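Below is one structure; the comments refer to it alone.
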Amino acid sequence: AAEATEGGFSSLLDNAINEFKEADKLSDIDNAQLSLGNADDLAQIQINMLKAETMLQTTVQITSRAVNAYKEIMSIQV
């Protein structure tokens, strides 16, 4: 919460996007290892995939809420 107030919404969104990118890369690596038959820990692969999916959903929700807030602010008559 303190990070969000210091850097503003832009840094919060950048943070969420960067975390998603990292999780997605890890998930892609796990998928490649699984495809090649080099996977040892299937549970960890599934956890990494679910983390990436959850981070994507969170990023989409943050973006959606920001757009809705922007639209609401712009519709206010002064």
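The values are calculated or read from the model by the stated rules, or taken from the named source; none is laboratory data. Note that the structure is a prediction, hence the values are computed from the model and not measured. Cβ placement follows ideal geometry from the backbone for every residue including glycine, while neighbour counts extend to all protein chains displayed. Surface accessibility is based on the protein's heavy atoms, side chains included, excluding ligands, DNA and RNA. Shrake-Rupley method; radii C 1.70, N 1.55, O 1.52, S 1.80 Å.
Checking the condition touching a residue at least 12 places away in the same chain (Cβ under 8 Å), on the phi < 0 side of the Ramachandran plot and open to solvent by 90 Å² or more (accessible area, probe 1.4 Å), which residue from Phe20, Phe9 passes?
Exactly one residue qualifies, and that residue is Phe9.
Take Asp14 and tell me if it is at pLDDT below 90, surrounded by 13 or more Cβ atoms within 10 Å (Cβ to Cβ) and of a type in the set (Asp, Glu).
Taking the combined requirement at face value, the residue does not satisfy it.
Go through the stretch 57-78 and report how many residues are over 19 Å from Ile17 (Cα atoms), open to solvent by 100 Å² or more (accessible area, probe 1.4 Å), part of a helix (DSSP H, G or I) and not acidic (Asp, Glu).
Qualifying residue count, the stretch 57-78: 4.
Go through the stretch 45-78 residue by residue and tally those that are free of Cβ contacts under 8 Å to residues at least 24 places away in the same chain and hydrophobic (A, V, I, L, M, F, W, C).
Within the stretch 45-78, residues that are free of Cβ contacts under 8 Å to residues at least 24 places away in the same chain and hydrophobic (A, V, I, L, M, F, W, C) number 11.
Quick check on Leu26: is it open to solvent by 100 Å² or more (accessible area, probe 1.4 Å) and among the hydrophobic types (A, V, I, L, M, F, W, C)?
no
Against the definition (in a loop (DSSP other than H, G, I, E, B) and open to solvent by 60 Å² or more (accessible area, probe 1.4 Å)), how does Asp40 come out, yes or no?
So Asp40 fits the description; yes.
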